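The values are calculated or read from the model by the stated rules, or taken from the named source; none is laboratory data. The shown structure was predicted, so the numbers you read here are calculated from the model rather than taken from an experiment. Reconstructed Cβ throughout: ideal geometry from the backbone, glycine too, with neighbour counts over all protein chains shown. Each accessible area value is taken on the protein alone, full model and side chains, heavy atoms only, with ligands, DNA and RNA left out. Shrake-Rupley method; radii C 1.70, N 1.55, O 1.52, S 1.80 Å.
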Amino acid sequence: MSNKEELMMANADLMTIVAHAKKIGWNSISVSTLQRVIYLMKVLYSFSHDTENEFKLYHFSVTIFGPYSDLVYKSLAFLLSSQRLLGDIDGDVYQNSSDGVDTISDEKQKWIDVIFLILGKYGESKIFSFIINDPQYEQSVKANLSSEISTDLENDTLKVLHDFKKAFEETLVDTSTISKEEYISLYFDYLFSQIISRR
């Protein structure tokens, strides 16, 4: 896939993400939050799906503000310059156009809504706490790595999520009757009760 094609796909993703953020009352979204949200979408997609990651085109490195993707930054710069989004590349952005919104796959749209459901339920600060305490992210910070954060199936974050998965599923009567959306929401209820509250 060419850089131009990747940018076009990212533009549609970001327009949809910013539009869907409004559903939970975020009329604007900070650029650093947007980076964190897309990182979370990618990591959790790998955890809950056996199919190819819908967010595979995003590659993240470590910064003191959280995960950073150059593609997200370039897309934001383009969307701001074309005035589809308004705001500041170093601050908050908000939707100014519906161009590109919901032109992505239904699967991606559903997953964006699942992540915003979690964000709406727990709040950004708790989710950000999850990200910066994410073992894979922590390792990269400690090692002062500027290279890409691994989000493949072998990364430490996914190992931790899978370690808790068995114990979580023992609390459910039947996992086959619930949707992926319900599963991930219930899983986070369990995860936060077990991990985040102890930190």
Q: Working only within the range 1-29, note down all residues that are within 14 Å of the chain's Cα centre (by Cα) and either within 17 Å of LEU117 (Cβ to Cβ) or of a type in the set (Gly, Ala, Ser) (or both).
A: ALA10, THR16, ILE17, VAL18, HIS20, ALA21, ILE29
Q) Out of all the residues in the range 2-13, which are aliphatic (A, V, I, L, M) and within 14 Å of GLU54 (Cβ to Cβ)? A) MET9, ALA10, ALA12
Q. Across the range 63-108, what is the total count of residues that are outside any helix (DSSP H, G or I), of a type in the set (Phe, Trp, Tyr) and farther than 19 Å from ILE24 by Cβ?
A. 2
Q) Any chance the range 2-16 includes a residue that's at pLDDT below 95, over 20 Å from VAL101 (Cα atoms), assigned to a helix (DSSP H, G or I) and open to solvent by less than 60 Å² (accessible area, probe 1.4 Å)? A) no
Q: Mind listing whichever residues of the range 103-127 are open to solvent by 20 Å² or more (accessible area, probe 1.4 Å), within 17 Å of the chain's Cα centre (by Cα) and not basic (Lys, Arg)?
A: ILE104, SER105, ASP106, GLU107, GLN109, ASP113, LEU117, GLY120, TYR122, GLY123, GLU124, SER125
Q) Quick one: ASP90 ticks every box in (1) under 17 Å from the mean Cα position of the chain (by Cα); (2) over 25 Å from LYS166 (Cα atoms) bar one, so which box is it? A) (1)
**Q.** Residues within the range 58-98 that are aromatic (Phe, Trp, Tyr), farther than 13 Å from LEU14 by Cβ and open to solvent by 40 Å² or more (accessible area, probe 1.4 Å), tallied
**A.** 2
Q) Just one of the numbered conditions (1) within 18 Å of the chain's Cα centre (by Cα); (2) part of a helix (DSSP H, G or I) is not true of ASP50; which one? A) (2)
Q.
Quick check on LYS108: is it of a type in the set (Lys, Arg), out of contact with any strand residue (DSSP E or B) (no Cβ under 7 Å at 6 or more places or on another chain) and modelled with pLDDT of 80 or more?
A. yes
Q: Exactly one condition in (1) part of a helix (DSSP H, G or I); (2) of a type outside the set (Ser, Thr, Tyr); (3) modelled with pLDDT of 95 or more is not met by LEU40; state its number.
A: (3)
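Results for (1) in contact with a helix residue (DSSP H, G or I) (Cβ under 7 Å, 6 or more places away or on another chain); (2) without any contact (Cβ under 8 Å) to a residue 40 or more places away in the chain; (3) under 19 Å from LYS180 (Cβ atoms), shown as yes or no for each residue.
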residue: ASN11; (1), (2), (3): yes, no, no
residue: ARG36; (1), (2), (3): yes, no, no
residue: TYR45; (1), (2), (3): yes, no, yes
residue: THR51; (1), (2), (3): no, yes, yes
residue: SER69; (1), (2), (3): yes, yes, no
residue: LEU85; (1), (2), (3): yes, no, no
residue: ILE89; (1), (2), (3): yes, no, no
residue: ASP102; (1), (2), (3): yes, no, no
residue: GLU107; (1), (2), (3): no, no, yes
